[in-house]
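What follows is one structure encoded as structure tokens, with my remarks underneath.
The values are calculated or read from the model by the stated rules, or taken from the named source; none is laboratory data. Note that the structure is predicted; figures quoted are calculated from it, not measured. Virtual Cβ from ideal backbone geometry, glycine too; neighbours counted across all protein chains shown.
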Amino acid sequence: MSEEERDELAQTERMALDSATAQWNSNDASGAAAGRELELLKLEALEASPIAFLITTRDGTIVWANPAIEAMTGYAPSELAGQTPRLFKSGQHSESFYRELWETILAGRKWQGEMTNRRKDGSLYQEELSITPVRGPHGEFSHFIAAIKDVSARWKAEEALRQAHNELNRAVAEASDRQAESEKLTELVDMIQCCQSREKAFQIVAEVLESIFPACAGALYLINTSHDEAEAMAHWGPGGEINKIFRPDDCWALRRGKVHVAADAKSATRCDHAPHASDSGHICIPLVAHGETLGLLYFEFPADSPGRPAQPWKRLAERAAVVGERLSLALANLQLREELRQQSVRDVLTGLFNRRYMEETLDRELSRAARYNESVAVAICDLDRFKDFNDIFGHDAGDLLLREVAGVMTANVRQSDVVCRLGGEEFVVILPGANLDIAWTRLETIRKQVQSISLNHRNRTLDRVTISSGLAAFPKDGASSEDLLHAADKALYRAKREGRNRVAMPFTSL
């Protein structure tokens, strides 16, 4: 209420107080006719006042009200006579609120404040209320005068302003959150571009997305090259287990090519790959780049509950879709770089590492072995009479045989060992940390399995082949890559001279 409005209310209230006091003192013999006439004029002014007035007894019984009360509350003054202000009670205030009010006025002090009350038609309104105790002819507090002003319009305007302010604050907060998310996504994309391995990239994806969506569990799936499986590369957040592998047809988002939401566990459109034990809703975002579906982003979110905003997935779906777009391009670039890197270090025919990778790896392993005083075994393997095999059965059959031999070799070495194809029918096996005895045992296993290979090509049974290997070890047979390969090559030639289909070592190692 403005200062002018407060002055007007105070002045009108003083008139009511003076008039009421005069009424209680009307039996005083000293009262003059002129004084009574003045009080009548004051009462007439109160009757015409736009401010509502109530006069009650000490126990709260209403004994008088001016006409303005009807415009405010819907009750005529005649209806209020004999009632108490409890008639207007809205239920919007606590008992302690009313207790404090009564304690104030019963102590003879004026009470001022704002209150929400209820009209005759049941609607609520806001009022500014001033209650003043009135002393009777003997000095006791016998009545109360309430001056009431309807401030609903101002309250609504202030409430609208508060809501607008809150909306603005929310908009600013959302903009700030979006900016923070955008910065995190930009950093995520940059870090993915700098990753040397897919595994590290997936670990970073999990950490960043968990920070962006801390209340949600999630997973990143990639579709394999045959497009028949989606495999979880990373997962994060609270909640139960996720399905590590599923068929793309089990996901609505992958089938339809757009974001899919299942609001809760009972949804008829819940994806089959979503954990059945979970009672959460989920969102699936297909990862698409350059017209190719790479995989899927999966998020679980808590279902609607008391105190939680309804449909929390709407904003989440919008944010997750933005993440999916940025992540799709980053993963597509990562995949392309990985393919190019593999092409640069892999043999196209067999999938084994090539000469370039062998040279880099051998130098690295020898440096590490020298630092930690460990051994490294190196073998050069060569298929016996492979030229004759090609001449008899053709190059297609030769390629089939090379792929089969490559499979035998990789199946019989450790994960830390490296199998390479130098070219033609020649292979190199690097065995870090292995001595000659361990290496010889592995090569013997490979030799026996190679001579057992039985292949059919174009309805024709191919001849069996054998393999010869020359074995050398660091540091005994050579301190450098060149020396070690030279020693292994000499051992290979000895194996050939001694009849093939065998593993030989340098004379220095016998």
Residue pairs meeting the criteria (Cβ under 7 Å; at least 6 apart or on separate chains; first without any contact (Cβ under 8 Å) to a residue 24 or more places away in the chain, in segment 458-477; second part of a loop (DSSP other than H, G, I, E, B) and surrounded by fewer than 19 Cβ atoms within 10 Å (Cβ to Cβ)): ARG464/GLN451; ARG464/ILE453; ARG464/SER454
ARG497, sole failed condition from (1) more than 54 Å from the chain's Cα centre (by Cα); (2) crowded, with 19+ Cβ neighbours inside 10 Å: (2)
Given (1) among the hydroxyl-bearing types (Ser, Thr, Tyr); (2) at pLDDT 80 or above; (3) over 26 Å from TRP155 (Cα atoms), index of the condition SER19 fails: (2)
Hits in segment 85-108 (condition: outside any helix (DSSP H, G or I) and at negative phi): LYS89, SER90, GLN92, HIS93, SER94, ALA107
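Is it fair to say ALA370 is aliphatic (A, V, I, L, M), in contact (Cβ under 8 Å) with a residue 60 or more places away in the chain and touching a helix residue (DSSP H, G or I) at 6+ places or on another chain (Cβ under 8 Å)? Can you show your working first?
On the way: aliphatic (A, V, I, L, M): yes; in contact (Cβ under 8 Å) with a residue 60 or more places away in the chain: yes; touching a helix residue (DSSP H, G or I) at 6+ places or on another chain (Cβ under 8 Å): no.
Spelling it out, it is not the case that ALA370 is aliphatic (A, V, I, L, M), in contact (Cβ under 8 Å) with a residue 60 or more places away in the chain and touching a helix residue (DSSP H, G or I) at 6+ places or on another chain (Cβ under 8 Å).
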Selection from segment 122-166 of residues that are farther than 15 Å from LYS89 by Cβ and part of a loop (DSSP other than H, G, I, E, B): GLY136, PRO137, HIS138, GLY139, GLU140, VAL151
Test: VAL503 is under 53 Å from the mean Cα position of the chain (by Cα) and under 30 Å from TYR372 (Cα atoms): no
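When only residues in segment 326-367 that are hydroxyl-bearing (Ser, Thr, Tyr) and assigned to a helix (DSSP H, G or I) count, which is nearest to ARG421 (Cα to Cα)? Spell out how you get there, then give the answer.
First pass over segment 326-367, keeping only residues hydroxyl-bearing (Ser, Thr, Tyr): 328, 344, 350, 357, 361, 367.
After this cut, where a residue has to be assigned to a helix (DSSP H, G or I) as well, the list is 328, 344, 357, 361, 367.
Working: SER328: 34, SER344: 13, TYR357: 10, THR361: 13, SER367: 22 Å.
Out of the qualifying residues, it is TYR357.
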Selected residue (criterion: farthest from the chain's Cα centre (by Cα)) from residues of segment 272-288 that are closer than 18 Å to LYS314 by Cα and at pLDDT 85 or above: PRO286
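So, in segment 62-71, exactly how many residues are over 15 Å from ILE131 (Cβ atoms) and surrounded by fewer than 20 Cβ atoms within 10 Å (Cβ to Cβ)? Let's see the steps before the verdict.
Within segment 62-71, the first condition is being over 15 Å from ILE131 (Cβ atoms), and the residues that meet it are 66-68, 70-71.
Still in the running and surrounded by fewer than 20 Cβ atoms within 10 Å (Cβ to Cβ): 67, 70-71.
Matching residues across segment 62-71 total 3.
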Subset of segment 421-438 (residues that are buried (at least 19 other Cβ atoms within 10 Å of the Cβ), under 15 Å from LEU471 (Cα atoms) and under 49 Å from the mean Cα position of the chain (by Cα)): PHE427, VAL428, VAL429, ILE430, LEU431, PRO432, ALA434
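Starting from residues that are in contact with a Ser or Thr (Cβ under 7 Å, 6 or more places away or on another chain) and outside any loop (DSSP other than H, G, I, E, B), keep the ones in segment 58-84 and report whichever is nearest to ASP121 (Cα to Cα).
Filtering segment 58-84 down to residues in contact with a Ser or Thr (Cβ under 7 Å, 6 or more places away or on another chain) leaves 58, 60-63, 66, 68, 82, 84.
This time we only want the ones that are outside any loop (DSSP other than H, G, I, E, B), so: 62-63, 68.
Details: ILE62: 20, VAL63: 23, ALA68: 17 Å.
The qualifying residue nearest to ASP121 (Cα to Cα) is ALA68.
From ARG500, ARG494, ARG447, ARG464, grab the single residue that is assigned by TED's automatic domain parsing to the domain that holds LEU362 and under 24 Å from GLN415 (Cα atoms). Steps first, answer last, please.
Details: ARG500 fails: under 24 Å from GLN415 (Cα atoms); ARG494 fails: under 24 Å from GLN415 (Cα atoms); ARG464 fails: under 24 Å from GLN415 (Cα atoms).
ARG447 is the lone residue from the list that is assigned by TED's automatic domain parsing to the domain that holds LEU362 and under 24 Å from GLN415 (Cα atoms).
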Residues satisfying the stated conditions in segment 368-391, i.e. out of contact with any Asp or Glu (no Cβ under 6 Å at 6 or more places or on another chain) and in a strand (DSSP E or B): ALA377, VAL378, ALA379, CYS381
Leading residue by the ranking (modelled with the lowest pLDDT) among those in segment 314-362 that are more than 30 Å from the chain's Cα centre (by Cα) and basic (Lys, Arg): ARG341
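Listed residues GLU183, GLU231, GLU210, GLU187; which is over 18 Å from the mean Cα position of the chain (by Cα) and either in a strand (DSSP E or B) or over 26 Å from GLN342 (Cβ atoms) (or both)? It would help to see each step written out before you state the result.
Working: GLU183 fails: over 18 Å from the mean Cα position of the chain (by Cα); GLU210 fails: over 18 Å from the mean Cα position of the chain (by Cα); GLU187 fails: over 18 Å from the mean Cα position of the chain (by Cα).
Residue meeting the stated conditions: GLU231.
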Test: residue in segment 490-505 that is small (Gly, Ala, Ser), in contact (Cβ under 8 Å) with a residue 24 or more places away in the chain and in a strand (DSSP E or B): yes
